[in-house]
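Throughout, read-outs are computed from the coordinates displayed, never taken from laboratory work. It should be emphasised that the depicted structure is a prediction, and the values quoted were computed from it without experimental measurement. Cβ atoms come from the backbone with ideal geometry, glycine included; neighbour counts cover every protein chain shown.
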Amino acid sequence: MYPFFIGNNPTQSEIKLANSYFYDKPVSVLAWKLFLPEKEFDFDHPAANPLAHNRSGPPLKLMPPTLTVVAEHDWMRDRAIAYSEELRKVNVDSPVLEYKDAVHEFATLDMLLKTPQAQACAEDIAIWVKKYISIRGHEFSY
């Protein structure tokens, strides 16, 4: 999971990195304005902020195992780490993989796919996915 959360109360990374590079707060705000119904627009909408105090929907303990990938220079970093921590509190396997000198979507943007961080991330994700395939009794080969 790449974090794509927001909320009414900004985190330290959101304050520090709000205008840091091409994927910043204004772009994220635009995305949420396009996604959320106009009459329900709120950064603490359950779809935008799964940790909001007014959250509805299934309890976090029913969430599937979630691998969270965060980048050092991702303005949504703190919120993603907090989500992973809350999942772990209810016994959902939710490790966080953090990559130094990286930005949001570093492992999926074409121009960054050959970076050491993206290569390491792809390998780390493959290991984690293989673990869950083998837990279910299946074999994984490539």
Kindly identify the stretch 65-105 as rounded, prolate or oblate by the Cα gyration tensor criterion: order the square roots of the eigenvalues as a ≥ b ≥ c, call it rounded if a/c is under 1.5, otherwise compare a/b with b/c, prolate if a/b is larger, else oblate.
prolate
When a/c reaches 1.5 or more, the comparison of a/b and b/c decides; with that in mind, is the stretch 19-85 rounded, prolate or oblate per its Cα gyration tensor?
oblate
From a point 7 Å beyond the Cα of T66 in the direction of its Cβ, which residues of the stretch 1-44 have a backbone N at a distance under 14 Å?
1-7
Here the FRET efficiency for A82 versus A47, based on Cβ atoms and R0 = 25 Å and rounded to 0.05, is 0.90
Which of the chymotrypsin sites (Phe, Trp or Tyr not before Pro) across the stretch 1-97 are loop residues per DSSP, with 10 or fewer other Cβ within 10 Å?
F22
Shape call, the stretch 1-120: gyration tensor on alpha carbons, a/c limit 1.5
oblate
In nm, spacing of pseudo-spin labels at S56 and N91 (7 Å Cα→C-beta vector)
2.9 nm
Pairs of alpha-carbon atoms within less than 8 angstrom and 6+ residues apart define the contacts here; what relative contact order does the chain have, in percent?
24 percent
Note the full-extension length gain between Y132 and D101 as 0.36 nm times their separation in residues minus their Cα-Cα distance, in nm to one decimal.
8.3 nm
